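What follows draws every value from the coordinates through simple rules; no lab data is involved. Computed from a predicted structure; not experimentally measured. Virtual Cβ from ideal backbone geometry, glycine too; neighbours counted across all protein chains shown.
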Amino acid sequence: MNKIGIAIHGGAGTILKSKMTVEKEFAYKKGLEEALLKGWKILENKGSSDDAVTAAIQTLEDNPLFNAGKGSVFTNEGNHRMDASIMNGKTLNAGCLSAVKNIKNPILLAEKIMDESDYVFLSGSGAEEFAKLKNMEFENDEYFYDEFRFKQYQKALKENKVQLDHTEENSEVNSEVNPNNNLNGFTDEKKFGTVGAVALDSTGNLSAGTSTGGMTNTKFGRTGDTPIIGAGTYANNNTCAVSCTGDGEYFIKTVAAYDVSALIEYKGMSLKEACNEVVNKKLKSIGGEGGLIAIDKDCNISMTFNSEGMYRACINEDKEIEIKIYKD
């Protein structure tokens, strides 16, 4: 049997231990562990990497601490618009969706698009229509309501700002909304709300998936890297599987997820070297902040980021669980 392994993330950014309560840190780590073990159990039972990835992400989508599914933030219109994607490394098949509402688990819809449609990317009402045809679970607006998220939204509306994920009351991460969609000029505090998973199963197949609720008070139908294959998500059995979190615009510009794979395939880099090149050199050189998780065909795992922290966890055949939030 081949080696098996899985890694997950719950977002990156300015995550400081000095500003984290003991209770909140425990809750985040517990949420990460629960999601990790859901995916790991599937791999241990010789399940597929696709199923392990979707199970882990679904668990994070059901946890309001993370900005995906139930924990999704509010848009400028006062609703929730979610994005997700998944990719299989053996077939290179993928399923992606953007700007969907009221779907309980967007990652499950992404999997349906990959497995049961002739398409790769569906959006908005069309994706929702497909979800209904496939009997996907929908929830009303109240399910997605969270008081903390709503307060974020009210403050962002008042200040006409875009806010990224879990930013605390007195330390927002904001940027002025303008026609050029310039998301630079962040303050010192920012957190990128995305969840993701990558896995290698016992048959040697790799998979990657990512899901997000976007940014608070976002306008103009803005879409980040999460649902874009090659930018926020990528998997190829010849190289690796990657899921990203961070400044979406920069991950799109650098085609970050695919670039990790390309550096391994065409330059012969190790997974660690390729992730470092993309995250700490290419992204940083143009002002991009965030991180990624990746696993290669040999079950090496990398959880690389250039921000202050990244909610992350992994486990492989050694069965040693690693759960971290801050810089080492």
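What order do you get for 234-246, 287-299 when each peptide is scored by the mean count of other beta carbon atoms within 10 Å, highest first? Each step should come with its number before you reach the end.
Numbers: 234-246: 28.8, 287-299: 24.0.
In descending order of packing, they fall as 234-246, 287-299.
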Once the other residues with Cβ under 11 Å from the Cβ of Glu111 are scored (Lys, Arg +1; Asp, Glu -1), what is the net sum?
-2
Which of the residue pairs Lys41/Lys253; Lys41/Lys70; Lys38/Lys324; Lys112/Lys324; Lys17/Lys90; Lys132/Lys297 have a Cα-Cα distance greater than 29 Å in the structure shown?
Lys41/Lys253; Lys112/Lys324; Lys17/Lys90; Lys132/Lys297
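Compute the signed sum of charges (Lys and Arg +1, Asp and Glu -1) over the other residues within less than 11 Å, Cβ to Cβ, of Met269. Spell out each step's value before the answer.
Values: positive: Lys267, Lys272; negative: Asp259, Glu265, Glu273, Glu277, Asp296.
Surrounding charge for Met269 is -3.
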Inverse of <1/r> over all distinct C-alpha pairs of region 226-328, i.e. the Kirkwood Rh in Å, gives 13.4 Å
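By average Cβ neighbour count within 10 Å, what is the ranking of 316-323, 278-285, 32-39 from highest down? Mind dumping the intermediate values first?
Details: 316-323: 13.0, 278-285: 18.8, 32-39: 22.2.
Order by mean packing, descending: 32-39, 278-285, 316-323.
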Exposure proxy check on Leu97, Leu65: fewest-to-most Cβ neighbours within 10 Å is Leu65, Leu97
Test of understanding: extend the Cα→C-beta vector of Glu322 to 7 Å, then name every residue of region 36-72 with backbone N under 20 Å from that spot.
36-41, 43-44, 53, 56-57
Quick check on the exposure proxy: order Tyr266, Tyr28, Tyr250 from fewest to most C-beta atoms within 10 angstrom.
Tyr266, Tyr28, Tyr250
